[in-house]
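Participant: If you scroll down you'll find the structure; I have some questions about it.
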Amino acid sequence: MPAAPSKRVKGTQIRRHFLIGNTAHVLPSPGFPDPPPDGHTKGWTVYVRPLPNGPDITTWLKKVQFKLHHTYTDASRTIEAPGPFEVSETGYGEFGVEIRLYFAQESGEKAVYREHYLVLAAYGSDDQRARQERENKIVAERLETIEFNEPTQEFFKTLTSEEQFNWLKVKKGRGKGKKPDFIFEGAVEPTAQLPEKASEPGQAGAGGAWSVQYERQVLAQLQQSAAALDHSIEQEKRAMEERRRRLEEVGGAIGAK
Amino acid sequence: MTTRSDIIAALPLDFAATVDPVRAAPSAARATPNQPIARRRRLHKKPALRNRGRAAHWTYDTSIPPTRRDQLQVRRWRRAAPPSDSADTSPAASKFAKYDIKAEVPAYDDETYAQHLTHPDWTKDETDRLFATYEDCYGKWPVIADHYVADSHKTMEEMKSRFYSISATLLNLQTPMTAMTASEYSAYDVLKSFDPLKEASRKKLAEGHLRRPRNEVDEETVLLSELQRIMLHQNTLDSEREDLRRRLQHPVADQNGYQYSTSQALTTLWQQLLAADRMKKTQRLRPLDISGARPSQSGAAANLPGADTTTSATPQTAQQSVVDMSKQDLQRFGVMVVQAGQEKLPTGISFASDKLSKPRVAKSSLQTDKIAATLTHIGVPELIPLPTLAVVEQFERIMAKMQVLLDLRKVAEKEEQELRVRGAEMGV
């Protein structure tokens with residue numbers, strides 16, 4: 001007997017990493033209209049994507065609405081599952097794209113807004129910029145982690161089913177009256193966690209850069225910052241001691257007066 | 001003392017009449033006596049004056065006030081008193097004699113001086129003269145300082161110091177300190193404790209106060225009011241500082257957990273907690289006997305877990321079915337199970353990246369700017385692109401430290417201000 005849809009699984013949280021970002025190219029570039037519309041210099045694609053080798057994003061994400069700048073015709077673009085959830089356009093200016101995420105029906109959750117600010121110009125260190133210009137490809141994306149807190153029982157079931165990884169597998173043995181077998185042929189077992197290592201560097205934009213390795217880099221950087229902060233706190237404390245001493249001195253002098 | 005009536009009595013009658021027209025009026029109206037006039041006559045007591053009739057006699061004589069030792073001749077008007085009134089006839093000197101109080105001057109002879117009272121700055125002659133002047137001037141120090149003539153210039157404080165020290169020594173010689181009465185001792189103490197330097201500086205200070213310019217007075221008023229304000233806020237500031245220091249330190253447990261080290265003690269504690277929990281409306285603790293006792297029982301309990309699952313309609317067992325997943329699977333599907341005691345989950349959907357951006361925004365924009373500046377200073381990027389659990393935890397740790405730092409800086413500002421004001425106070 002299926003549980004009531006409103007019943008939630010207490011004390012659990014399911015996390016899913018996904019990417020929000022955009023790629024941009026200087027026109028003319030393959031895949032965009034040539035010649036470009038009047039005044040448009042950049043072609044870009046804004047997207048919501050799963051991590052490579054992760055569970056299927058369409059398990060929980062059913063529809064994405066991209067709200068572009070109001071000067072675009074038909075500024076509100078809606079993409080339904082199975083996606084891909086992305087919008088390609090040409091333009092000349094950067095603006096914030098409002099992205100509305102619609103969830104699977106059994107989740108019982110309302111749609112949620114996220115925002116992504118388009119990046120069309122090269123950014124980062126000189127090295128990064130040079131590479132971006134050479135490849136005529138700018139990738140600006142961030143990892144988002146969505147947390148489903150105490151999901152409904154049904155939603156919990158779909159989020160923990162093996163079928164989420166089917167999209168990465170190859171169907172085999174499509175016999176009569178037999179369910180197809182899904183065989184995974186990649187090197188690394190798919191998982192909802194971050195991959196241990198970044199895949200080959202050329203895959204930026206497909207989410208290949210996100211890895212535990214990168215997480216460690218970020219952590220190390222933050223730890224350095226924390227150490228700097230500790231240092232400042234130490235300094236403040238010492239200054240405080242000093243001030244207290246001076247206060248006592250001055251107070252004593254005034255008292256003597 | 002002559003009163004007005006005395007003077008009037010002394011004047012000739014007709015003179016009084018010309019001077020005082022009010023008095024003259026009734027005499028004219030006397031020809032036709034009637035009620036109002038009679039009343040007025042009574043009011044002015046004219047008859048009493050006239051009835052006395054005789055004028056008083058005054059003499060202008062020369063006398064020597066007995067309090068003067070120089071032969072000063074003083075002439076003054078004096079009423080020639082009628083022989084009957086003896087109180088008036090007493091000489092003027094006796095009237096003021098009660099004010100003629102000799103200053104008490106301690107006396108010493110040559111031997112005592114030589115033995116006890118010598119002083120490098122004072123000769124015997126000078127000392128003698130000081131004591132004489134003191135007696136002459138009735139112990140009024142400004143007058144003494146004015147009258148005293150010495151070979152070397154002496155300030156009032158030096159004279160006072162010399163005089164008091166000699167007085168004290170003589171007093172001590174007269175009655176040894178152990179035999180002194182309370183009043184004697186207090187006098188001795190006052191004499192002994194005279195400090196010429198302190199006295200001089202006190203006077204100089206008072207004199208300085210007389211010559212202060214206006215702006216200095218204003219400045220002092222401002223500083224004093226500021227000081228008063230600080231004193232008023234001292235309490236709150238102290239308590240705030242105390243609070244901060246307490247926060248920076250570890251909480252110290254006031255009792256150790258040693259008493260619960262045996263299993264028996266732990267069981268007692270559990271029973272206590274359970275009993276306390278039963279009193280509450282929402283019970284959070286469940287008695288041990290169902291799940292805890294069963295495995296320890298006999299082999300008959302072996303088939304019971306199966307029975308357990310058949311009765312699994314409660315959310316508790318539903319949760320257990322979640323936990324049933326292997327650790328590997330949990331990780332694979334990104335499931336987190338909240339342990340008991342951890343903070344409660346928010347409902348619905350949340351984004352981990354919000355935990356990296358929301359703490360940066362404080363209530364006031366000023367505070368937000370401060371946080372941003374400090375974060376930039378320590379090298380935390382504005383956008384952390386990877387909101388994993390470890391990163392969020394690290395970031396939260398940083399933000400907690402940041403709060404401490406900002407609190408410290410706030411207190412620092414206050415204390416600096418206080419120091420400045422106190423420094424200014426010192427300078428005045």
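Participant: Every residue in segment A:46-72 that is surrounded by 21 or more Cβ atoms within 10 Å (Cβ to Cβ), under 23 Å from residue A:24 (Cα atoms) and not aromatic (Phe, Trp, Tyr), please.
Facilitator: A:46, A:48, A:50, A:51, A:64
Participant: Give the residues of segment A:110-129 that are farther than 18 Å from residue B:383 by Cα and at pLDDT below 85, sorted by residue number.
Facilitator: A:126, A:127, A:129
Participant: Condition (residue is closer than 22 Å to residue B:112 by Cα and in contact with a strand residue (DSSP E or B) (Cβ under 8 Å, 6 or more places away or on another chain)) applied to segment B:149-163: is it met by at least one residue?
Facilitator: Yes: segment B:149-163 contains one or more residues that are closer than 22 Å to residue B:112 by Cα and in contact with a strand residue (DSSP E or B) (Cβ under 8 Å, 6 or more places away or on another chain).
Participant: Does residue A:45 satisfy the criteria of being closer than 19 Å to residue A:117 by Cα, free of Cβ contacts under 8 Å to residues at least 60 places away in the same chain and hydroxyl-bearing (Ser, Thr, Tyr)?
Facilitator: Yes, satisfied.
Participant: May I pose another question? Looking at segment B:190-202, which of its residues are open to solvent by 60 Å² or more (accessible area, probe 1.4 Å) and at pLDDT 90 or above?
Facilitator: Residues satisfying the conditions are B:197, B:198, B:201, B:202.
Participant: Tell me whether segment B:298-314 contains one or more residues that are touching a Lys or Arg at 6+ places or on another chain (Cβ under 8 Å), more than 7 Å from chain A (Cβ to nearest Cβ) and modelled with pLDDT of 80 or more.
Facilitator: No, segment B:298-314 contains no residue that is touching a Lys or Arg at 6+ places or on another chain (Cβ under 8 Å), more than 7 Å from chain A (Cβ to nearest Cβ) and modelled with pLDDT of 80 or more.
Participant: Looking at segment B:371-378, can you tell me whether even one residue there is hydroxyl-bearing (Ser, Thr, Tyr), in contact with a strand residue (DSSP E or B) (Cβ under 8 Å, 6 or more places away or on another chain) and facing chain A (nearest Cβ under 10 Å)?
Facilitator: No, because not a single residue in segment B:371-378 is hydroxyl-bearing (Ser, Thr, Tyr), in contact with a strand residue (DSSP E or B) (Cβ under 8 Å, 6 or more places away or on another chain) and facing chain A (nearest Cβ under 10 Å).
Participant: So which residues in segment A:242-256 are at the interface with chain B (Cβ under 7 Å from one of its Cβ atoms), open to solvent by 40 Å² or more (accessible area, probe 1.4 Å) and under 14 Å from residue B:231 (Cα atoms)?
Facilitator: Residue satisfying the conditions is A:254 alone.
Participant: Only residues in segment A:144-161 that are of a type in the set (Val, Ile, Thr) count as the first member; pair them with residues that are open to solvent by 10 Å² or more (accessible area, probe 1.4 Å) and assigned to a helix (DSSP H, G or I), Cβ under 6 angstrom, at least 6 apart or cross-chain, and list the lot.
Facilitator: Matching pairs, first to second residue: A:158/A:59.
Participant: So if I check each of B:161, B:152, which one is at pLDDT 85 or above and among the small types (Gly, Ala, Ser)?
Facilitator: So the residue among B:161, B:152 that is at pLDDT 85 or above and among the small types (Gly, Ala, Ser) is B:161.
Participant: State all residues of segment A:7-28 that are closer than 20 Å to residue A:98 by Cα and open to solvent by 10 Å² or more (accessible area, probe 1.4 Å); if no residue qualifies, say none.
Facilitator: Residues satisfying the conditions are A:17, A:23.
Participant: On to the next question. State which residue is nearest to the other protein chains (Cβ to nearest Cβ) when the search covers only segment B:379-421 and only residues that are basic (Lys, Arg) and without any contact (Cβ under 8 Å) to a residue 40 or more places away in the chain.
Facilitator: Out of the qualifying residues, it is B:401.
Participant: Still on this structure, please answer the following. Just to be sure, is residue B:391 of a type in the set (A, V, I, L, M, F, W, C), within 27 Å of residue A:139 (Cα to Cα) and modelled with pLDDT of 75 or more?
Facilitator: Here the answer is yes, as residue B:391 does meet what is asked.
Participant: Enumerate the pairs (first residue in segment B:365-378 and under 21 Å from residue A:227 (Cα atoms) and touching a residue at least 40 places away in the same chain (Cβ under 8 Å); second residue anywhere and in a helix (DSSP H, G or I) and open to solvent by 100 Å² or more (accessible area, probe 1.4 Å)) with beta-carbon separation below 6 Å, excluding pairs fewer than 6 apart on the same chain, so at least 6 apart or on different chains.
Facilitator: Once the first residue is under 21 Å from residue A:227 (Cα atoms) and touching a residue at least 40 places away in the same chain (Cβ under 8 Å) and sits in segment B:365-378, no partner that is in a helix (DSSP H, G or I) and open to solvent by 100 Å² or more (accessible area, probe 1.4 Å) comes close enough.
Participant: Also: Search segment A:73-115 for residues being of a type in the set (S, T, N, Q) and surrounded by fewer than 17 Cβ atoms within 10 Å (Cβ to Cβ), and hand back the single one that is farthest from residue A:7 (Cα to Cα).
Facilitator: Here the residue is A:73.
Participant: Taking the criterion of being closer than 18 Å to residue A:138 by Cβ and either within 12 Å of chain B (Cβ to nearest Cβ) or in contact (Cβ under 8 Å) with a residue 12 or more places away in the chain (or both), would at least one residue in segment A:7-20 satisfy it?
Facilitator: Taking every residue of segment A:7-20 in turn, at least one turns out to be closer than 18 Å to residue A:138 by Cβ and either within 12 Å of chain B (Cβ to nearest Cβ) or in contact (Cβ under 8 Å) with a residue 12 or more places away in the chain (or both).
Participant: Name the single residue, out of those in segment B:328-370 being hydroxyl-bearing (Ser, Thr, Tyr) and within 12 Å of another protein chain (Cβ to nearest Cβ), that is surrounded by the most Cβ atoms within 10 Å (Cβ to Cβ).
Facilitator: Among those residues, the one meeting the criterion is B:353.
The values are calculated or read from the model by the stated rules, or taken from the named source; none is laboratory data. Since this is a predicted model, take the numbers as computed values, not measurements. Heads up, the Cβs are rebuilt from the backbone with ideal geometry, glycines too, and the neighbour counts pull from every protein chain shown. These area figures cover heavy atoms from the full protein model, side chains too; ligands, DNA and RNA do not enter into them. Shrake-Rupley method; radii C 1.70, N 1.55, O 1.52, S 1.80 Å.
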